[in-house]
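Sharing a structure, written as structure tokens. Questions coming.
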Amino acid sequence: MTFNILWPGLRWDDDCQIEIDSVADGGQAVFYSREADVPDDAYRQADAIISVRDIPQHRRDLVERCRIFVTPKVGFDNLDIRAWGEMGIPVSNVPDYGTQEVADHALALLLSLIRCIPMHHRRLAADPLAHWTPPLNPLARRMSASVCGIVGLGRIGTAFALRAKTLGMEVVFYDPYKPNGSELALNIGRADSLAELFAQSDVVSLHIPLDDDTRNLIGADVLAHAKQDLTLINSARGPIVDIDALHDAMKSGRVRAAGLDVLPEEPPDLDRPLLRAWADQEEWLLDRLLITPHSAFSTPESVYDMRFKGGQVALKYLKTGQLDNCVNQHFLVNPR
């Protein structure tokens, strides 16, 4: 039996051979470059749908044979997982394609800020001869004398913790969903609240998903507890941080620096005070805010895994009934 596996609206501009290979053992790959180009019959005949974005409700109403929806990425906050579950269709993600890359990127942001790389680069670019001296780094900090706080000890948070430990940092985490003893397995510390974590940490890195509970989780109340001269790293989801509260905390000097791979709006909303100050290179913010364009996950290897594993998750379920990485189990009614 051959299963029809539909990719509506591919994000990759190539021959899709990775996707074809991922379902070669029993699947027929069907591709469209834009969701708007997908004919109604393609939805009716699809046994699985793979997409980084949700499909419109009027398209979901066409689904007849579909047994699984796969989003080939970690985040699923842009999907109506309840609606899919009530249709009897499990939603699965691909959580293991970029674990190492995101942890590496978070660490790169941290190292760049804590070793004043942006400052040196800017000064040397302006005048290489005049600034070819080892100035006192006003923002630098000894790694082994720093406490690294981690919010969320999942796959990426754990990978980041291991990396921070190799640099000699004292590592502490906050994650109310991890069972007692999780800290003992990694020989790290544990905080019982965000306030406690921020109060003792020189650096905090965020590694949690975006949902109703975590939106604006890092706001004025939490930042008010921050240890003086905190460095904040966010490679998770932009809306987890109240960026206007971050502006105030950086302007006051409570937060020394921030490295952001994700923003509340992408591309950046330059009406946000912090982002306007960054874009205008205002003096008070120079060298303290480092932004990358939601690129933490991206290497050729991780992109391959994302694309290949998405097809594999769908085909495995269709062929064997084995469901990997289901994110809407609590909404799933009478699976197909």
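The values are calculated or read from the model by the stated rules, or taken from the named source; none is laboratory data. Since we're looking at a predicted model, the values are computed, not measured. Glycine also receives a Cβ, built like all others from the backbone with ideal geometry; neighbour counts cover every protein chain displayed.
I need the full set of residues from region 265-285 which are hydrophobic (A, V, I, L, M, F, W, C) and either part of a helix (DSSP H, G or I) or modelled with pLDDT under 95 (or both), in order please. I'd like the intermediate steps shown before the answer.
Residues of region 265-285 that are hydrophobic (A, V, I, L, M, F, W, C), as a first pass: 270, 274-275, 277-279, 284-285.
Selection gives LEU274, LEU275, ALA277, TRP278, ALA279, TRP284, LEU285.
Taking into account only those residues within region 271-302 that are closer than 24 Å to ARG123 by Cβ and among the charged types (D, E, K, R), which is surrounded by the fewest Cβ atoms within 10 Å (Cβ to Cβ)?
Taking the candidates together, the pick is GLU283.
Taking the condition closer than 18 Å to PRO72 by Cα, of a type in the set (Asp, Glu) and either assigned by TED's automatic domain parsing to the domain that holds CYS66 or in a loop (DSSP other than H, G, I, E, B) (or both), does ASP14 pass?
Yes: the conditions hold for ASP14.
Quickly run through region 285-318 and pick out the residues that are of a type in the set (Asp, Glu) and over 23 Å from VAL23 (Cβ atoms).
Looking only at region 285-318, we keep the residues that are of a type in the set (Asp, Glu), and these are 287, 301, 305.
The one that is of a type in the set (Asp, Glu) and over 23 Å from VAL23 (Cβ atoms): ASP287.
State all residues of region 21-42 that are within 16 Å of LEU318 (Cβ to Cβ) and either outside any loop (DSSP other than H, G, I, E, B) or not assigned by TED's automatic domain parsing to the domain that holds LEU315 (or both); if no residue qualifies, say none.
SER22, GLY27, GLN28, ALA29, VAL30
May I ask you to verify whether ALA257 is outside any loop (DSSP other than H, G, I, E, B), in contact (Cβ under 8 Å) with a residue 60 or more places away in the chain and crowded, with 24+ Cβ neighbours inside 10 Å?
Working: outside any loop (DSSP other than H, G, I, E, B): yes; in contact (Cβ under 8 Å) with a residue 60 or more places away in the chain: yes; crowded, with 24+ Cβ neighbours inside 10 Å: yes.
Yes; evaluated as a whole, the condition is true for this residue.
VAL222 is checked against (1) among the aliphatic types (A, V, I, L, M); (2) over 22 Å from CYS116 (Cβ atoms); (3) part of a loop (DSSP other than H, G, I, E, B) and fails just one. What number does that condition carry?
(3)
Condition first: over 22 Å from VAL74 (Cβ atoms), surrounded by 15 or more Cβ atoms within 10 Å (Cβ to Cβ) and not polar (S, T, N, Q). Now tell me which residues in region 200-223 satisfy that.
Passing the criteria: ASP202, VAL203, GLY219, VAL222, LEU223.
Further question on the same structure: May I ask you to list the residues in region 79-118 that are buried (at least 20 other Cβ atoms within 10 Å of the Cβ), of a type in the set (A, V, I, L, M) and part of a helix (DSSP H, G or I)?
ILE81, VAL102, ALA103, ALA106, LEU107, LEU109, LEU110, LEU113, ILE114 - these are the residues of region 79-118 that are buried (at least 20 other Cβ atoms within 10 Å of the Cβ), of a type in the set (A, V, I, L, M) and part of a helix (DSSP H, G or I).
Can you tell me which residue in region 143-162 is farthest from the chain's Cα centre (by Cα), limited to those that are in a strand (DSSP E or B) and more than 9 Å from HIS207 (Cβ to Cβ)?
Ranking the candidates gives VAL147 first.
So in region 164-195, with the set limited to residues that are farther than 17 Å from VAL222 by Cβ and among the small types (Gly, Ala, Ser), which one is surrounded by the most Cβ atoms within 10 Å (Cβ to Cβ)?
Among residues in region 164-195 that are farther than 17 Å from VAL222 by Cβ and among the small types (Gly, Ala, Ser), the one surrounded by the most Cβ atoms within 10 Å (Cβ to Cβ) is ALA164.
Run down LEU232, LEU275, LEU286 and say which single residue is within 17 Å of the chain's Cα centre (by Cα) and assigned by TED's automatic domain parsing to the domain that holds TYR177.
LEU232
Is it the case that region 67-75 has a residue that's polar (S, T, N, Q), in a strand (DSSP E or B) and closer than 30 Å to ASN4 by Cα?
yes
Is it fair to say ASP248 is farther than 15 Å from GLY152 by Cα, in a helix (DSSP H, G or I) and not assigned by TED's automatic domain parsing to the domain that holds PHE31?
Numbers: farther than 15 Å from GLY152 by Cα: yes; in a helix (DSSP H, G or I): yes; not assigned by TED's automatic domain parsing to the domain that holds PHE31: yes.
For ASP248, the condition - farther than 15 Å from GLY152 by Cα, in a helix (DSSP H, G or I) and not assigned by TED's automatic domain parsing to the domain that holds PHE31 - is met.
I've got another one for you. In region 296-335, how many residues are on the phi > 0 side of the Ramachandran plot and over 19 Å from the mean Cα position of the chain (by Cα)?
Just the residues of region 296-335 that are on the phi > 0 side of the Ramachandran plot, to begin with: 321, 325, 334.
From what's left, over 19 Å from the mean Cα position of the chain (by Cα): 321, 334.
Adding up the residues that qualify gives 2.
I've got another one for you. Considering each of LEU230, LEU286 in turn, give the residue that is hydrophobic (A, V, I, L, M, F, W, C) and over 20 Å from TYR174 (Cα atoms).
Just one listed residue meets the conditions, LEU286.
Then there is this: Of the residues that make up region 147-155, is at least one more than 24 Å from HIS225 (Cβ to Cβ) and in contact (Cβ under 8 Å) with a residue 12 or more places away in the chain?
Checked against the condition, which is being more than 24 Å from HIS225 (Cβ to Cβ) and in contact (Cβ under 8 Å) with a residue 12 or more places away in the chain, region 147-155 yields at least one hit.
Looking at ASP248, ASP324, can you tell me which residue is in contact (Cβ under 8 Å) with a residue 40 or more places away in the chain, over 23 Å from ASP13 (Cβ atoms) and acidic (Asp, Glu)? Write out each step before concluding.
On the way: ASP248 fails: in contact (Cβ under 8 Å) with a residue 40 or more places away in the chain.
Going through ASP248, ASP324 in turn, just one is in contact (Cβ under 8 Å) with a residue 40 or more places away in the chain, over 23 Å from ASP13 (Cβ atoms) and acidic (Asp, Glu): ASP324.
While we're here: Among the residues of region 17-34, which ones are touching a residue at least 12 places away in the same chain (Cβ under 8 Å), surrounded by fewer than 16 Cβ atoms within 10 Å (Cβ to Cβ) and closer than 24 Å to PRO95 by Cβ? Quick ask: steps written out before the conclusion?
First, the residues of region 17-34 that are touching a residue at least 12 places away in the same chain (Cβ under 8 Å): 18-19, 21-23, 25-34.
With surrounded by fewer than 16 Cβ atoms within 10 Å (Cβ to Cβ) added as a condition, the list becomes 21, 25-26, 28, 32-34.
Matches in region 17-34: ASP21, ASP25, GLY26.
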